[in-house]
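Right, one structure below, let's go through it.
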Amino acid sequence: MSARKSWGLLITIAVLYILSGCTALEENDPSEQAKYKAEVKPHKSTLEMMKRVKMASSAIDAQEARYVLNQKKVDYYEKKLDKMEVGADRNLVLYDYAIELLRAGHTDKAIEIFTNFHDFFQDKFFLDKQKTLTEFKTQLGISYLRKAEQENCLQNHNNESCIIPISEKAQHINKEGSTKAIEFLKACLEASPFDYEVQYLLNIAYMTLGGYPDQVPEDYLIPESYFQKGDFSKFKDVAMDLGVDVNEMSGGICLDDFNQDGYLDMMVSSWGFEDQIRYFENDTQGGFTDKTARTGLVGVTGGLNLKHADFNNDGFLDFIILRGAWLEDQGKVPNSLIRNNGDGTFTDVTIEAGIYSERPTQTAIWADFNLDGWVDIFIANESTDKGVNTCELFLNKKDGTFSDVGKLAGITETGFFKGVDAGDLNNDGYPDLYLSNFSGKNLLYLNSARAEGISFELASDSAGVTLPLESFSTWIFDYNNDGFEDIFVSGYSNQEKSPANIFMANIRNPFDPRLEDHRPRLYRNNGDGTFTNVAKETGLGEPLTTMGCNYGDLDNDGFLDFYAATGDPSFLSIVPNKMFRNQGGETFEDVTFSGGFGHIQKGHAVGFGDLDMDGDQDIYAVMGGAYEGDNFQNVLFENPIGNQNNWINVQLEGRTSNRSAIGAKIIASITEDGKTRKVYHTVGSGASFGGNSLLAELGLGKAAVIDQLEVIWPNQARSRSVFSALEVNRVIKITEGSESIESKNLDALSFQQGTHQHH
């Protein structure tokens, strides 16, 4: 959240001799902070990396760093204020202090200072008084709305909290926050009736009190019809019931089978430097057990994003923690490569593996770029005018170590990269790279590697995939099942260039030209090296402030749907997370509100996976923002659709290919209503900011049998496994080179309330 630059008006006001010193802050509520006593001592290499991460984060200058270390900034301002004389200069600092108090979670204290400013100027006469008062009213409206969230959605949390349109169950018990927020927001609109941000917040405040739509002034009302789009089964958040409702800031998720029992577990992170990595193991009884204390990871902290793969081909999934994002020259906090030891414990092997790096990043992708049977990792780093940080391509040396061959392979472009994904875009068998750039053109690198070496060529602008110029989340998938993988990339918000609150601006004036740069792109693969943006034609023209994201097949119709987790750091930005259902590969239907996905807390990493192994995909989403006081409970949306359509879950095991078969293409040929069609699936963790299961979970529509299932393995020979007349609605395993299929015989589970355990 910025101070919206209007505070500079106060510099010229001679009557700024107000307000006294600061009172003591309220203490942070420690109840949601994980307290783990390590049952397994971290390995010495893990301890060494913990030490390095701590040293790097401690060296960050809080005043120079974007978003983070809000409490340190509060402490800095307190000391500075203590040394200053009462007057104009002091009150400029005091205002910044109040902003930082709000960001750090000290909402009542921020409200006190904003109120003192507001009340003082209310009775004074000076130039631009109205602008100044509107600034204070806006800050008070925001602060009271955040107070309302803290006292209701956080402290009295239930599984419908903060999902719009707000249900009766989610309406606020403690009404003071929203009531006061409405008072100040309405006053702001009297002075500036076309402020889209404030209009939107007013609707939300009324919703929390049960006053929407009847009590919202007609000029500012979001039409009820906006929330009546789509027709989809309502998903229920069961995270609190299962004890996986981690309450922290933004972070990452890996949904996958870390202990090789066939059921999906969760690895969860938050980007705070003191935020503990969490491991929730599926107890195969309908619940999850928090086994963090037993993993050897107690004390391993931070990480805005996680990406998982079996890098050493031992059959157990490892993962990397990505750090330093947004911090520019302050972001020298190293990433961590975490090895799964196969016995329930994990070890940080970053240094010995040779991938130690102190370049700021939030995005990476695992793929076997040279098809030698071992996955490599590409890390897209962030460069600004404060420092150039080239991207890194770490090639797997097959002995537990890696070497950086990025420059040698021709990857030399730099940018403020926020997303990356790999996919075989030209069907030559080798994974290509697509990078989303927040500070310029997006990049497509085509993999020209062959047996003699690895190299990439930068595609020309004529490929047609460079926009938007302020991109964030991205992924590669075959949305229309034509056998050619397509690209989705979402625009982001920029408060200096875009209209305030692009969500509300699109409702009020969808033809505003300033919105164009913030609309997502869906690049359909033309099969000839070029792509066509078909976002508007397919129903994806609405601007999305997408941060986290992922895709999957929620209704098992064989076409991929996607979840866009939205919001930017500002407390003004509480736009709903969005869900889009793929309609036969032709259009996407917005099912956000009918499906119960319209969460207005900040959304980050998203994972799709069949967590209860009942044949339909559930969704885990990491909630919470960038500021220390912008925490919120994560959600686990249980899929209620059931087996209306048929499905198959396929576990692949590579031999000459990488063990977890990342990059393998599965083609299911089916007959439905007398018509034949194909369903395509590429094995991987999905989008740039999220972590799907590597278990291939395919929807089959009404097909009663799979006519043919073909696997194209990710090896240089592009070997194939082909099976005919397969039964549906089961979990199977296919091993490269085997002529038979193994049936996994995994029982479907029923999520059970109160079954979670903590160790």
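Site pair Glu358 and Lys675 shows an inter-label distance of 5.9 nm when each label is modelled 7 Å from Cα along Cα→Cβ.
Computed over the chain, the per-residue total of -39500 (n - 2.57) for DSSP H runs of n ≥ 4 gives a 222 nm mean residue ellipticity of -5000 deg cm²/dmol, rounded to 500.
Residue ranges 403-410, 392-399 sort as 392-399, 403-410 when ordered by packing (mean number of other C-beta atoms within 10 Å per residue, highest first). Site pair Ile351 and Gln752 shows an inter-label distance of 4.4 nm when each label is modelled 7 Å from Cα along Cα→Cβ. Treating each Cα of the stretch 474-625 as an identical point scatterer and summing with the Debye formula, the log10 of I(q)/I(0) at q = 0.13, 0.17, 0.20 Å⁻¹ comes to -0.59, -0.99, -1.32. With all protein chains in place and a 1.4 Å probe, the accessible surface of the stretch 155-245 carries 44 percent carbon and sulfur. Size descriptors for the stretch 579-683 (Cα atoms only): Rg and Dmax, in that order, 17.4, 56 Å.
The share of accessible area on the stretch 250-322 that comes from carbon and sulfur is 43 percent, using a 1.4 angstrom probe. Taking all Cα pairs closer than 8 Å and separated by 6 or more residues, the relative contact order of the stretch 96-164 comes to 30 percent. A convex hull fitted to the Cα coordinates of the stretch 386-480 yields 130 cubic angstrom per residue. Spin-label model, Asp343/Glu48: points 7 Å from Cα along the beta carbon direction are separated by 2.0 nm. Here, the chain is characterised by an Rg to Rh ratio of 0.97, where Rg is the alpha-carbon radius of gyration and Rh the Kirkwood radius.
Volume per residue for the stretch 428-480 equals 101 cubic angstrom (convex hull of Cα atoms).
Computed from phi, the 3J(HN,Hα) profile of the stretch 592-606 under the Karplus parametrisation 6.51, -1.76, 1.60 (θ = phi - 60°) reads 3, 8, 5, x, x, 9, x, 6, 9, 7, 4, x, 10, 4, 10 Hz, with x in place of Gly and Pro. For the stretch 309-398, the normalised intensity computed at q = 0.11, 0.13, 0.15 Å⁻¹ comes to -0.32, -0.44, -0.57 (log10 of I(q)/I(0), Debye sum over alpha carbons, equal scatterers, no solvent). Ranked by the mean number of other Cβ atoms within 10 Å per residue, highest first, peptides 544-556, 734-746 order as 544-556, 734-746.
Note on Met50: accessible area approximately 50 square angstrom, rounded to 10, probe 1.4 Å, nucleic acids and ligands left out. Across the stretch 640-759, the convex hull enclosing all Cα atoms gives 156 Å³ per residue. Taking all protein chains into account, the per residue accessible area for the stretch 564-615 stands at 13 Å² (1.4 Å probe). The relative contact order of the chain comes to 14 percent, based on Cα pairs under 8 Å that sit 6 or more residues apart.
Net length available on complete extension from Ser225 to Asp314 is 26.7 nm, with 0.36 nm assigned per residue and the Cα-Cα distance removed.
Normalise the Debye intensity by I(0) for the stretch 231-290, one equal point scatterer per Cα, no solvent, then take log10 at q = 0.15, 0.20, 0.27 Å⁻¹ and round to two decimals. Evaluating at q = 0.15, 0.20, 0.27 Å⁻¹ gives log10 I(q)/I(0) of -0.52, -0.83, -1.16. Measuring between their Cα centroids, the stretch 281-320 and the stretch 363-422 lie 23 Å from each other. Heavy-atom accessible surface of the stretch 131-225, averaged per residue, reaches 39 Å², computed with a 1.4 Å probe. What separates the Cα centres of the stretch 212-275 and the stretch 95-162 is a distance of 26 Å. Dividing the Cα radius of gyration by the Kirkwood radius, what Rg/Rh value follows for the stretch 601-655? Ratio value, two decimals: 1.14. Highest mean packing comes first when the peptides 607-614, 126-133, 185-192 are listed by Cβ atoms within 10 Å, giving 607-614, 185-192, 126-133.
In percent, rounded to a whole number, the relative contact order of the stretch 29-134 is 16, using alpha-carbon pairs under 8 Å and six or more apart.
The values are calculated or read from the model by the stated rules, or taken from the named source; none is laboratory data. The structure displayed is predicted, hence computed values, not measured ones. Please note: Cβ atoms are built from the backbone with ideal geometry, for glycine as well, and neighbour counts cover all protein chains shown. For accessibility, only protein heavy atoms count, side chains too; no ligands or nucleic acids. Shrake-Rupley method; radii C 1.70, N 1.55, O 1.52, S 1.80 Å.
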